[in-house]
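Peer 1: So that we are looking at the same thing, I have put the structure below in structure tokens.
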Amino acid sequence: MKVLHMHGPPYKKMKVSKNLDRKKDVSTSFEYHKLCEARRKLPIYPVQNRLVQEVRRLNTVIVIGETGSGKTTQIPQFLFRAEVHRGSQIAITQPRRVAAVTVAKRVAQEMKSELGKLVGYCVRFEDVTSESTRIKYMTDGMLLREAIIDPLMRRYSVVILDEAHERTIHTDVLFGVVKAAQRQRAKKGLKPLKIVVMSATMDVDHFSEYFNSAPVLYLEGRQFPVNVYYSCCTQSDYQFAALVTLGQIHKQAPPNHDVLMFLTGQDEIESMVRFVRDIGRSLEGQAPPIIACPLYAALPPQVQLRVFNRTPPGARKVVIATNIAETSVTIPGIKFVIDPGMVKARVFNPRSGLDLLKVVRISKAQALQRTGRAGRESSGSCYRLYTEQEFDSFKLNTVPEIQKGDLNIKRMCSLSSVVLQLMALGISDLIHFDFMDRPSKESIITAVDELHLLGAVEKREKIQLTALGKQMAAFPLEPRLSKVILVAKEFSCLEEIMSIVSLLSGESVFYTPHKAREEALAARRKFMSTEGDHISLLNIYKTYKSVGGNKNWCMENYIHQRNMKTALDVRNQLREICDRQNLPFKSCRDDTVAIRKCLTAGFFMNAAELQREGTYICLSTRRPVSIHPSSSLFRSKPGYVLYNELIQTSKCYMRDLCVVDPDWLYEAAPSHFKRKKLPT
Ligand code: CDP
Ligand code: MG
């Protein structure tokens with residue numbers, strides 16, 4: 001293995017003054033005192049006056065600082081205390097729901113305010129704010145939705161665009177929308193809109209240029225040296241390599257030297273957690289006890305917070321996380337990082353309009369961020385499970401989602417939902433919208449085509465939203481799902497569709513512990529429908545309601561009670577939107593044909609046909625696809641199915657399937673299927 005020394009990034013450009021605010025803290029509680037002490041030590045602390053001055057003086061400021069320097073938690077508080085917000089709200093956007101929620105909790109604690117009062121958060125299907133909220137953490141998607149109702153963003157005096165380096169589609173579009181709001185407000189003589197862009201990486205010239213040469217404040221990093229070890233040969237199984245590396249570290253490193261391992265998603269992480277616990281048990285007495293903590297977006301918040309606990313003396317914490325731990329959250333105690341160099345991305349092919357989840361290589365910038373996690377509190381080590389040559393072939397920066405996918409299958413998450421929102425904002429000329437990095441014309445056209453097929457836009461002299469499209473934009477859902485909801489009126493099955501959509505929108509309601517896999521599957525078999533997973537979900541929902549959400553019933557049937565409750569909550573919120581749109585809440589009882597026809601109206605582009613040799617082919621793309629083993633249709637193999645999403649692992653799997661009749665496909669989108677010569 002080769003050793004390389006990495007020091008902190010070269011923070012050079014503009015040094016900032018160090019006027020320490022020595023205001024006395026009045027709190028008496030010891031815990032709170034410790035919290036304040038820790039805050040005073042953050043790299044952001046010495047520059048607070050300078051920062052406030054800059055934001056007062058200018059309309060847009062860019063702040064760069066390593067993860068953990070205090071940007072997300074402290075800057076809103078500085079601006080609030082200095083009254084830069086002038087009585088209105090400060091919005092801080094996050095690409096991830098988890099970050100918005102955990103950070104809001106932390107800041108509420110720091111400000112000694114109940115969550116939802118002074119400090120609150122707003123994420124999809126959950127609004128924890130009130131009249132008195134001044135600091136509001138929200139997902140970028142939520143702020144974008146608010147802008148549809150008020151493009152001038154009048155309730156905010158400051159908008160902080162956090163984690164700008166992640167370049168998610170929503171953040172990128174927000175750049176343009178917020179910039180336009182700022183300009184419009186100035187033009188109309190309204191209260192100025194201050195914009196703060198925050199990033200953890202140095203690649204900011206681009207941001208500055210886009211925001212009319214906004215100044216960049218560099219925070220002095222507190223990065224300790226990290227030894228970087230490369231793998232000496234290519235690893236064919238990165239999970240295995242990660243486990244072996246962890247085993248070696250665990251045998252040799254002193255206790256309380258904690259480990260952070262990056263993996264790509266929930267399944268990988270959960271199975272790794274089990275392996276790690278096994279290692280812990282097998283080395284009992286020879287090595288420190290292991291505390292294995294998973295960390296991924298879908299994890300319940302209480303469990304997520306466990307990673308922030310200090311490790312008890314003599315033990316070792318092993319955090320196994322997705323790229324959340326790259327920049328969004330800072331975990332104390334980490335001395336070792338294990339980086340397989342992979343990340344799961346929602347990738348999209350503009351030519352086929354196909355969305356799928358795929359494990360791909362990280363960028364060099366991401367590798368650097370991961371390495372940096374080992375040197376936050378003292379020097380550390382990073383094990384890269386790829387060779388130096390492989391590293392050289394990584395892309396320099398993460399490609400903005402909005403630009404991914406000019407060729408092959410690259411772009412994350414379909415653009416159609418963003419295009420629909422932009423059109424609802426009154427921006428119809430998407431080709432000339434002030435994007436920081438323009439998506440390809442081809443991908444915009446694919447998105448518009450999809451919306452056209454769904455009936456959301458019409459092409460006259462110019463492209464415009466239809467009445468249906470306007471209604472669709474009111475739902476915080478993918479256009480396909482909103483379409484299904486709106487079409488339910490025709491089939492008189494909104495009641496059932498709402499249940500299905502709510503269950504599909506949240507985390508899985510199936511609870512399948514590793515040790516009781518067979519029991520879980522057997523217990524749930526009675527709900528499984530030969531018509532597919534949507535109907536199975538509906539059966540579960542109905543039974544759950546009929547037993548009054550009984551906890552024992554959930555346990556006996558291996559149903560995730562909390563996720564079920566969340567789905568019910570989502571359903572109520574979607575119902576409110578339906579009520580506002582006067583959609584009749586009718587039930588079709590057991591007419592599953594109506595339900596499946598309704599699903600076809602939104603998902604006809606995700607149709608697959610059984611081939612003679614027993615495999616499936618996607619009708620829109622002619623790609624081979626397979627039924628995911630978790631599906632109730634895995635063994636029955638019907639002639640035609642619809643799927644909700646594709647995941648690419650060893651094969652391209654369809655997940656959440658529904659049996660359909662080929663005639664329904666044609667009825668749902670005659671123009672789409674004419675070309676494909678669908679056998680009738
Ligand atoms: O945004 P940035 O990465 O610059 O830092 P931050 O998220 O504001 O975090 C500043 C410090 O607060 C970190 O060192 C974390 O240890 C701590 N923090 C925490 O303990 N719990 C949280 N939920 C968030 C932050
Ligand atoms: Mg942050």
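Peer 1: Within the group ALA82, ALA100, ALA104, which residue is without any contact (Cβ under 8 Å) to a residue 40 or more places away in the chain, within 12 Å of ligand 2 (Cβ to nearest atom) and small (Gly, Ala, Ser)?
Peer 2: Details: ALA82 fails: within 12 Å of ligand 2 (Cβ to nearest atom); ALA104 fails: within 12 Å of ligand 2 (Cβ to nearest atom).
Going through ALA82, ALA100, ALA104 in turn, just one is without any contact (Cβ under 8 Å) to a residue 40 or more places away in the chain, within 12 Å of ligand 2 (Cβ to nearest atom) and small (Gly, Ala, Ser): ALA100.
Matching residues to (1) modelled with pLDDT of 90 or more; (2) within 30 Å of PRO76 (Cα to Cα); (3) surrounded by fewer than 18 Cβ atoms within 10 Å (Cβ to Cβ):
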site: LYS191; (1), (2), (3): yes, yes, yes
site: PHE207; (1), (2), (3): no, yes, no
site: TYR210; (1), (2), (3): yes, yes, no
site: PRO215; (1), (2), (3): no, yes, yes
site: ARG222; (1), (2), (3): no, yes, yes
site: ASP237; (1), (2), (3): yes, no, yes
site: THR245; (1), (2), (3): yes, no, no
site: PRO255; (1), (2), (3): yes, no, yes
site: PHE262; (1), (2), (3): yes, yes, no
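Peer 1: Another question about this same structure. Take the residues in the range 532-586 that are in contact with a Phe, Trp or Tyr (Cβ under 6 Å, 6 or more places away or on another chain) and in a loop (DSSP other than H, G, I, E, B); name whichever of them is surrounded by the fewest Cβ atoms within 10 Å (Cβ to Cβ).
Peer 2: VAL547
Peer 1: For the range 299-321, give me the residue count where each residue is away from ligand 2 (no atom under 16 Å from the Cβ) and either under 17 Å from PHE336 (Cα atoms) or assigned to a loop (DSSP other than H, G, I, E, B) (or both).
Peer 2: Adding up the residues that qualify gives 14.
Peer 1: Which of (1) free of Cβ contacts under 8 Å to residues at least 40 places away in the same chain; (2) under 21 Å from LYS179 (Cβ atoms) does LEU115 not meet, given it meets every other one?
Peer 2: Condition (2) is where LEU115 drops out.
Peer 1: Here's another thing I want to ask about it. Scan the range 68-83 for residues that are surrounded by 24 or more Cβ atoms within 10 Å (Cβ to Cβ), more than 6 Å from ligand 1 (Cβ to nearest atom) and of a type outside the set (Val, Ile, Thr) and report the count.
Peer 2: Qualifying residue count, the range 68-83: 2.
Peer 1: In the range 306-344, what count of residues is obtained for those that are in contact with a Cys (Cβ under 9 Å, 6 or more places away or on another chain) and of a type outside the set (S, T, N, Q)?
Peer 2: 12
Peer 1: Counting only residues that are exposed (fewer than 14 other Cβ atoms within 10 Å of the Cβ) and in a helix (DSSP H, G or I), how many does the range 421-444 have? I'd like the intermediate steps shown before the answer.
Peer 2: Initially, the range 421-444 is screened for residues exposed (fewer than 14 other Cβ atoms within 10 Å of the Cβ), giving 426, 429, 431-432, 434, 441-442.
Now drop any that are not in a helix (DSSP H, G or I), which leaves 431-432, 441-442.
Summing the residues that are exposed (fewer than 14 other Cβ atoms within 10 Å of the Cβ) and in a helix (DSSP H, G or I) in the range 421-444 gives 4.
Peer 1: Among the residues of the range 124-181, what is the count of those that are under 17 Å from PHE80 (Cα atoms) and in contact with a Cys (Cβ under 7 Å, 6 or more places away or on another chain)?
Peer 2: Adding up the residues that qualify gives 3.
Peer 1: Then there is this: Go through (1) more than 26 Å from ILE647 (Cβ to Cβ); (2) surrounded by fewer than 16 Cβ atoms within 10 Å (Cβ to Cβ) one by one and return the number of the condition PRO300 breaks.
Peer 2: Status for PRO300: all satisfied but (1).
Peer 1: Taking TYR156, is it within 16 Å of ligand 2 (Cβ to nearest atom) and buried (at least 19 other Cβ atoms within 10 Å of the Cβ)?
Peer 2: Details: within 16 Å of ligand 2 (Cβ to nearest atom): no; buried (at least 19 other Cβ atoms within 10 Å of the Cβ): yes.
For TYR156, the condition - within 16 Å of ligand 2 (Cβ to nearest atom) and buried (at least 19 other Cβ atoms within 10 Å of the Cβ) - is not met.
Peer 1: Further question: Within the range 588-672, which strands (runs of 3 or more DSSP E) (wholly inside it) include 2 or more residues that are among the aromatic types (Phe, Trp, Tyr) and closer than 25 Å to THR446 by Cα?
Peer 2: Values: elements: 607-610, 616-618, 624-627, 640-648, 652-659.
So the answer is 640-648.
Peer 1: Something else about it: How many residues are surrounded by fewer than 19 Cβ atoms within 10 Å (Cβ to Cβ) and among the hydroxyl-bearing types (Ser, Thr, Tyr) if we restrict to the range 84-99?
Peer 2: Total meeting the criteria: 1.
Peer 1: Let me ask something else about it. Among the residues of the range 299-314, is there at least one that is more than 16 Å from ligand 1 (Cβ to nearest atom) and either in contact with a strand residue (DSSP E or B) (Cβ under 7 Å, 6 or more places away or on another chain) or at pLDDT below 85 (or both)? I'd like the intermediate steps shown before the answer.
Peer 2: Looking only at the range 299-314, we keep the residues that are more than 16 Å from ligand 1 (Cβ to nearest atom), and these are 312-314.
Next, only the ones that are either in contact with a strand residue (DSSP E or B) (Cβ under 7 Å, 6 or more places away or on another chain) or at pLDDT below 85 (or both) stay: none.
No.
Peer 1: Provide a single number: the residues in the range 363-374 that are away from ligand 2 (no atom under 16 Å from the Cβ) and under 19 Å from LEU246 (Cβ atoms).
Peer 2: Initial filter on the range 363-374 (away from ligand 2 (no atom under 16 Å from the Cβ)): 363-364, 367-368, 371, 374.
Those still in the list that are under 19 Å from LEU246 (Cβ atoms) too: 367, 371, 374.
Count: 3.
Peer 1: Among the listed residues ALA473, ALA447, ALA522, which satisfies the condition of being surrounded by fewer than 18 Cβ atoms within 10 Å (Cβ to Cβ), among the hydrophobic types (A, V, I, L, M, F, W, C) and at pLDDT below 95?
Peer 2: Values: ALA473 fails: surrounded by fewer than 18 Cβ atoms within 10 Å (Cβ to Cβ); ALA447 fails: surrounded by fewer than 18 Cβ atoms within 10 Å (Cβ to Cβ).
Exactly one of ALA473, ALA447, ALA522 is surrounded by fewer than 18 Cβ atoms within 10 Å (Cβ to Cβ), among the hydrophobic types (A, V, I, L, M, F, W, C) and at pLDDT below 95, namely ALA522.
The values are calculated or read from the model by the stated rules, or taken from the named source; none is laboratory data. All figures in this text were calculated on a predicted structure; none of them were measured in a lab. Don't worry about glycine lacking a Cβ; one is built from the backbone with ideal geometry, like all the others, and counts go over all protein chains shown.
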